[in-house]
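**Student:** This is the structure, below, for whatever I ask next.
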Amino acid sequence: FLFAQLRECAGAGARLLDLGTKGSGLTPWSRTADGRLTLKGAMREILATEMLEALGVTTSRTFSVIETGEDLVRGDEPSPTRSAVLVRLGHGHIRIGSFQRLAYLGGEENLARLVNYSLRHLLEKAPGENPALTLLETVVERAADLAASYMVAGFVHGVLNSDNIAITAESFDYGPWRFTPSWT
C-alpha cells in the first residue's frame, strides 16, 4: 500500500506525505488486494478529491492513475471494464480501522507502538501520560471538523466508515458520492 514517504517542503512544520495505492491492502473485503479499480472509479475519485480540495475540505489527493490495459470484472459495475491503478497522496495512510483491527486481534504491544508512531509522525503531538487518550481526542476533533466541512460543502460520501478515513482526518475511497443539489 505505502510506496514512499516524503516531506512537503524543507524547514520547520513540513508535514509528512504518503504515496500509496488504492485497494492494495489485504483484508477479507479487498478483492485479493490486487490494487486495481475500474477506470471509471478512478475518474470518480479524481472528481471528488479535486472538488473537495477546491472547497477547502481535507481530503487525500489523486497523484496518478495508470490504465493497466486489462479487462476487470467487478460485481458492482458493468463488467468487464477497463482496469486502472490509482496512487493517492495524503498526510497519512493509517486508517481509524487499523486500530480497531489490532484491538480485535489482541495486539496490545503493536497497538501501543502504532499509537506512539501516529502521534509523533502523523499528528505531530507528544504522547504525554496517556498516549491512547491523546490520539483519541485528536482524531475525534479532526474527524468532527471533516464531517462539518462535508456538511458545509453539501458533500455526501457514500462509503464513509472507519476504514475510509485516515487518522489525519483525510477521507478517501470515493466510490459512490454526490453533492446535494440544493442546500437550504
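The values are calculated or read from the model by the stated rules, or taken from the named source; none is laboratory data. Keep in mind that what you see is a predicted model, and the values were worked out from it rather than measured. Heads up, the Cβs are rebuilt from the backbone with ideal geometry, glycines too, and the neighbour counts pull from every protein chain shown. Side chains are part of the model used for accessible areas, which takes the heavy atoms of the whole protein and leaves out ligands, DNA and RNA. Shrake-Rupley method; radii C 1.70, N 1.55, O 1.52, S 1.80 Å.
**Student:** Among the trypsin sites (Lys or Arg not before Pro) in the range 108-181, which ones are in a DSSP loop with at most 15 other Cβ atoms within 10 Å of the Cβ? Mind listing them?
**Tutor:** K125
**Student:** Here is a follow-up. GNM on the chain, C-alpha springs below 10 Å: top fluctuator among Y104, Y150, Y174?
**Tutor:** The residue with the greatest mean-square fluctuation here is Y104.
**Student:** Which one, A84, A42, A169, has the greatest fluctuation when you compute a Gaussian network model over the chain with C-alpha springs under 10 angstrom?
**Tutor:** Result: A84 has the largest fluctuation of those listed.
**Student:** Measuring with a 1.4 Å probe in the full set of protein chains, what accessible area per residue, in whole Å², belongs to the range 122-167?
**Tutor:** Using a 1.4 Å probe on heavy atoms only, each residue of the range 122-167 averages 54 Å².
**Student:** Mind pulling the angle between the C-alpha long axis of helix 96-105 and the longest principal axis of the chain? Nearest 10 degrees, somewhere in 0 to 90.
**Tutor:** In the chain, helix 96-105 runs at an angle near 70 degrees to the longest axis.
**Student:** Can you give the Rg to Rh ratio for the range 41-184, taking only C-alpha atoms and Rh from Kirkwood?
**Tutor:** 1.02
**Student:** Of the accessible area of the chain, with the probe set at 1.4 angstrom, what percent is carbon plus sulfur?
**Tutor:** 58 percent
**Student:** Give me, ordered by chain and number, the residues 5 or more places off R88 or on other chains with an amide H under 5 Å from its own placed amide H.
**Tutor:** Residues meeting the criterion, in which the H sits 1.01 Å from N, are G20, T21, K22, F63.
**Student:** Could you go through the range 175-182 in sequence order and give the Karplus-derived ³J(HN,Hα) for each residue, using 6.51 cos²θ - 1.76 cosθ + 1.60 with θ = phi - 60°, rounded to whole Hz, and x for Gly and Pro?
**Tutor:** x, x, 7, 6, 9, 5, x, 8
**Student:** Separate question: Would you grab the residues whose amide H sits under 5 Å from the one on S83? Only those 5+ places off in sequence or on another chain, please, with H modelled 1.01 Å from N.
**Tutor:** Long-range HN contacts for S83: L39, T68, G69, E70, L72.
**Student:** Now for a separate question. Rounded if a/c is under 1.5, else prolate if a/b beats b/c, else oblate: with a ≥ b ≥ c from the C-alpha gyration tensor eigenvalues square-rooted, which is the range 130-171?
**Tutor:** oblate
**Student:** In addition: Can you list the HN-Hα couplings for the range 111-125, worked out from phi with the Karplus curve (6.51, -1.76, 1.60; θ = phi - 60°), rounded to whole Hz and with x for Gly and Pro?
**Tutor:** For the range 111-125, the Karplus curve yields 5, 5, 5, 5, 4, 5, 4, 4, 5, 5, 9, 9, 9, 6, 10 Hz.
**Student:** Within a Cβ distance under 15 Å of A48, other residues only, what is the Lys/Arg minus Asp/Glu net charge?
**Tutor:** Spelling it out: positives minus negatives among the neighbours equals +1.
**Student:** Considering amide H positions built from the backbone, and no H for Pro or chain starts, which residues 5 or more places from D163, or on another chain, come under 5 Å of its amide H?
**Tutor:** It is G97, by chain and number.
**Student:** Let me ask another. Assuming a ≥ b ≥ c are the square roots of the Cα gyration tensor eigenvalues, decide whether the range 51-106 counts as rounded (a/c under 1.5), prolate (otherwise, with a/b larger than b/c) or oblate.
**Tutor:** oblate
**Student:** Mind checking which of G41, G158, G20 has the largest fluctuation in a GNM of the chain, springs on alpha carbons under 10 Å?
**Tutor:** Checking each option, the largest mean-square fluctuation is seen for G158.
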